[in-house]
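Below you'll find the structure, written out as structure tokens, and then a few comments.
The values are calculated or read from the model by the stated rules, or taken from the named source; none is laboratory data. Predicted, not measured: the structure shown is a model, and the values here were computed from it. In this analysis, Cβ positions are derived from the backbone assuming ideal geometry, glycine residues included, and neighbour counts consider all displayed protein chains. For accessibility, only protein heavy atoms count, side chains too; no ligands or nucleic acids. Shrake-Rupley method; radii C 1.70, N 1.55, O 1.52, S 1.80 Å.
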Amino acid sequence: MQLLLLAAQEASGGGEGQLVEAFKHNPTFMVLNLCASAVVLTIVVERFTFQLTRYRVNSKEFFAQIKKLVTAGNIDRAIKLCEASDYPILQLVKSGLTHSNKGPDEIDAALSEKLSELKPQAEKRVGALWSMANISTLIGLLGTVSGLIATFGAISAPGLSQADKQRMLSNGIAEAMYNTALGLGIAVFCMITHILLHTRAKAIQHDLDSTSEKTFNLLTIQQRG
């Protein structure tokens, strides 16, 4: 027991030297978690970039412009305004405008079809972050268990001095701690970014639903007029 306490104290104060030593001794699980972190960072950067660039249009201001044109009977100009860019909000409104000369059922079908195409894009790959959190935690746990098994197996060998046993146990505990810390660190990052991206995606989807409903109401009321 005293040997275990001494080893734990040494492992907690070893610093960067023990991190390098642990990585050299058994890098398998640390490398796996580093690869997992690279995948996570790629997903996070791509999703934040997508959400911040593709949905930067102010839907309320844009729809106000469309409403003025449609009310004035300038459907063609409204369609050209939508064709100015390929932002999802503009594509959605355009799908309704191009069917403005048809009945309510055709307009609703066109908007629903485009909406079903655009909504999943907002949350694409966001759910993978939750899975990556679980995977990185389990990889870290495997590294911890593997390191402890190897360490206790090594110090049980006959002919080792007390100093050698303490050193091996210290390195083994350090390896276990670093694996656990790395896995948990990646998992926490995944969970935080998942919450942010998921919340943003839900707001985008709500905005798309609202814009679709406004477009449908505008076109059907205009037809009645």
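Computed values, structure above
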{"item": "Label-point gap, in nm, between ASN134 and ASN101 - each point 7 angstrom along Cα→Cβ", "result": "5.3"}
{"item": "Accessible surface, 1.4 Å probe, highest first, among residues THR199, THR220", "result": "THR199, THR220"}
{"item": "FRET efficiency for VAL39 and ILE221, using Cβ-Cβ distance with R0 set to 35 Å, rounded to 0.05", "result": "0.10"}
{"item": "Of the GluC sites (Glu not before Pro) in region 79-170, those whose Cβ has at most 12 other Cβ within 10 Å and which sit in DSSP loop", "result": "GLU83"}
{"item": "Fully extended contour minus Cα-Cα distance, from ILE195 to ARG125, at 0.36 nm per residue", "result": "23.9 nm"}
{"item": "Kirkwood hydrodynamic radius of region 164-225, from inverse mean 1/r over distinct Cα pairs, in Å", "result": "16.3"}
{"item": "Cα-Cα separations in the chain greater than 25 Å, expressed as whole percent", "result": "58"}
{"item": "Radius ratio Rg over Rh of region 91-206, counting only Cα atoms, Kirkwood formula for Rh", "result": "1.46"}
{"item": "At least 20 Å along the helix axis (C-alpha) and Kyte average at least -0.5, DSSP helices within the chain", "result": "28-54, 128-155, 162-224"}
{"item": "Tensor-based shape of region 41-136 (alpha-carbon gyration tensor, a/c under 1.5 rounded, otherwise prolate or oblate)", "result": "prolate"}
{"item": "Helix-only CD estimate at 222 nm, as mean residue ellipticity for the chain, using -39500 (n - 2.57) per DSSP H run (n ≥ 4)", "result": "-29000 deg cm²/dmol"}
{"item": "For the chain, built as a Gaussian network whose Cα springs stay under 10 Å, the top-fluctuating residue of GLY147, GLY73, GLY96", "result": "GLY73"}
